[in-house]
Amino acid sequence: MKIRKLQYGEIPPYELLLLADPSRALVEAYIAEGECYVAEENRESIGVFVVVALSKNTIEIKNIAVREDRQGQGLGKKLLHQAIEVAKSNGYAHIEIGTGNSSIGQLALYQKCGFRISSVIKDFFVEHYDEIIMENGIQCRDMIRLRLQI
Ligand code: COA
């Protein structure tokens, strides 16, 4: 498995990106702004993450996803560590990520990698998405923001 930066003009792996974010419009908007990295095996994309600078000091992981048949095998953790490396090597002081209040596994993963909850954006998913999102039997309403000092 190799993780590489997607080059200008290459088509991002939308089927993976949409696993993390059901809004194609939002995905297209932040892909245009940021950098997309793909994990590949046998020339197939099995993972992806997108980072976008929020300020001079802070970069955000806007999207992170692993192909469904490869989830739970440590790949998400590897992608997260690679995103932290990208932030570090580009001189950022903080890296942030936002997830839903219902995303229990993601909240576990990010905290296992050192991220701390920094704020909550109430009703973010109610206001920005047309459909009701349910996960783990919980309605996804609020965005939990997590932050890691590099
Ligand atoms: N309680 C405690 N720990 C949990 C957990 C739970 N309910 N659910 C997951 N975890 C932990 C696992 O134990 C593991 O930690 P460990 O290595 O210490 O055991 C970690 O979280 C998962 O690690 P990993 O196998 O590397 O994750 P992954 O390859 O499945 O990737 C995602 C994680 C989120 C990227 C992947 O599941 C995915 O693509 N999901 C769909 C898209 C998505 O939701 N993206 C994030 C949007 S915010």
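Computed from the coordinates by the stated procedures, all read-outs in this text should not be read as laboratory data. Not measured: the values here are computed from a predicted model. Cβ: placed from backbone, ideal geometry, glycine included. Neighbour counts: every protein chain shown.
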### Query
Which value, in debye to the nearest 20, describes the size of the charge dipole of segment 1-103 about its Cα centre when Lys and Arg Cβ atoms bear +1, Asp and Glu Cβ atoms bear -1, and nothing else is charged?
300
### Task
Select from Tyr110, Tyr37, Tyr129 the residue whose mean-square fluctuation is largest in a Gaussian network model of the chain (Cα-Cα springs shorter than 10 Å).
Tyr129
### Query
What is the antiparallel percent of DSSP beta bridges lying wholly in segment 2-149, to the nearest 5?
90
### Query
Around Ile150, which amide H atoms from residues at least 5 apart in sequence, or from another chain, sit under 5 Å from its own amide H, with H modelled in the peptide plane?
His94, Ile95
### Summary
Phi angles of segment 109-117, converted by Karplus (6.51 cos²θ - 1.76 cosθ + 1.60, θ = phi - 60°) into ³J(HN,Hα) in whole Hz with x for Gly and Pro, give 4, 5, 6, 5, 8, x, 6, 10, 5
### Query
Given a Förster radius of 22 Å and the C-beta distance between Glu35 and Glu15 as r, what FRET efficiency does 1/(1 + (r/R0)^6) yield to the nearest 0.05?
0.70
### Task
For segment 47-55, take each phi angle, set θ = phi - 60°, evaluate the Karplus expression 6.51 cos²θ - 1.76 cosθ + 1.60, and give the result in whole Hz per residue in order, putting x for glycine and proline.
x, 7, 8, 10, 10, 9, 6, 9, 7
### Query
Using modelled backbone amide H atoms (1.01 Å from N, in-plane), which distant-in-sequence or interchain residues come within less than 5 Å of Ala53's amide H?
Glu60
### Summary
In the neighbourhood of Glu40 defined by beta carbon distances under 13 Å, the net charge of the other residues (Lys, Arg +1; Asp, Glu -1) is +4
### Message
Please list 3J(HN,Hα) in residue order for segment 130-136, calculated via the Karplus relation 6.51 cos²θ - 1.76 cosθ + 1.60 where θ = phi - 60°; whole Hz, with x for glycine and proline.
### Response
6, 8, 6, 9, 10, 8, 6
### Task
Compare Gly137, Gly105, Gly34 in a GNM of the chain, Cα atoms joined below 10 Å, and give the one with the largest fluctuation.
Gly137
### Query
Amide H to amide H, which residues 5 or more places from Gly47 or on other chains are under 5 Å from it, using H placed in the peptide plane?
Ala39, Arg67
### Query
If you average over every viewing direction, what projected area does the convex hull of the Cα atoms of the chain give, in nm²?
8.7
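Pairs Lys2/Lys88; Lys88/Lys122; Lys2/Lys62: which are spaced more than 25 Å apart, C-alpha to C-alpha?
Lys88/Lys122
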### Query
Over the chain, what relative contact order in percent results from Cα pairs under 8 Å that are six or more residues apart?
19
### Task
Using a Gaussian network model of the chain whose springs link C-alpha atoms within less than 10 Å, name the residue from Leu80, Leu16, Leu109 with the highest mean-square fluctuation.
Leu109
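Helix-only estimate, please: 222 nm mean residue ellipticity of the chain, summing -39500 (n - 2.57) across DSSP H runs of length 4 or more and dividing by its residues, to the nearest 500.
Computed mean residue ellipticity for the chain: -8500 deg cm²/dmol.
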### Task
Could you point to the residue in Gly114, Leu146, Val50 farthest towards the positive end of segment 2-149's charge dipole, with +1 and -1 charges on the Cβ of Lys/Arg and Asp/Glu respectively?
Gly114
### Query
Stretched out fully, how many nm does the piece from Ile133 to Ala53 gain, at 0.36 nm a residue minus the Cα gap?
26.1 nm
